[in-house]
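Worksheet: the structure to be examined is printed underneath.
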Amino acid sequence: MERRIAEVQRETLETRISVRIDLDGSGETRLETGVPFFDHMLDQVGRHGLIDLDVHAQGDLNIDAHHTIEDVGITLGQAFARALGDKRGIRRYGHAYVPLDEALSRVVVDCSGRPGLTHEVDYRRAAIGDFDVDLIHEFLQGFVNHAAITLQVDNLRGRNAHHIAETVFKALGRALRMAVEPDPRAAGTLPSTKGAL
């Protein structure tokens, strides 16, 4: 199987984003979004998903981080979809439960070709440091819409907002890793009764 790699650039009046993704990587990341906590969360996806990520973003952070984080989600989703290709021979579904101290989150993904997001997470406070937790939803929505996946995210327990967020992103990485993994029993078939994903 060829390495599943894609590069996408996105440029608007608000942001300039460059993403390179390797779904068959080793979890190496190079992240420069200008938002340190967000870089930390993307690093969790890469390392726990064994996905190589190279993400560079310049955005209007003088206003706030919203445009940058949403546009990274959009661009990363486009790169993910491009790298995944026709989806033949993949497992399609992935799930993960990840704990961190008192926090526990579950993420379930379906590489369905249909964007859908359920994000049931109470972060317990509005910000982690100076990072607005509402932007996690904006990132996930942008990613899901452009990756064309169905994503279910649930925090099952937790008190510390940083721990909760970290379990979400670690579980996202693990679930994506499972979903895109080649299925040795599938022999290049498409995992759908419709014949299309």
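Since every read-out is calculated from the coordinates, none of them should be taken as a lab result. None of the values given here were measured: they were computed from a predicted structure. Here Cβ is always computed from backbone atoms with ideal geometry, including for glycine, and neighbour counts include all displayed protein chains.
Results, tabulated for the structure shown:
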| read-out | value |
| --- | --- |
| Relative contact order for the stretch 5-180, counting Cα pairs under 8 Å that sit 6 or more residues apart, in percent | 28 percent |
| Folded to 0 to 90 degrees: helix 134-147 orientation relative to the chain principal axis, Cα | 20 degrees |
| Nearest 10 degrees, 0 to 90: helix 66-84 Cα axis against the chain principal axis | 10 degrees |
| Overall Cα dimensions of the stretch 2-92, principal axis frame, Å, largest first | 44, 23, 18 |
| Histogram of C-alpha separations across the chain, 10 Å bin width, % | 10, 38, 37, 13, 2, 0 |
| The stretch 5-180: antiparallel DSSP beta bridges as a percent of all, rounded to 5 | 80 percent |
| Amide H within-cut-off set for Glu28, under 5 Å, with H built and near neighbours excluded | Asp52, Leu53 |
| Most fluctuating residue given options Pro184, Pro115, Pro36, as computed from a GNM of the chain linking Cα atoms under 10 Å | Pro184 |
| Filtered GluC sites (Glu not before Pro), the stretch 1-37: DSSP coil and at most 11 other beta carbons within 10 Å | Glu2 |
| Sequence-distant residues sharing a close amide H with Ala127 (under 5 Å, placed H) | Val133 |
| Cα-centred dipole magnitude for the chain, charges only on beta-carbon of K, R (+1) and D, E (-1), debye, nearest 20 | 1020 debye |
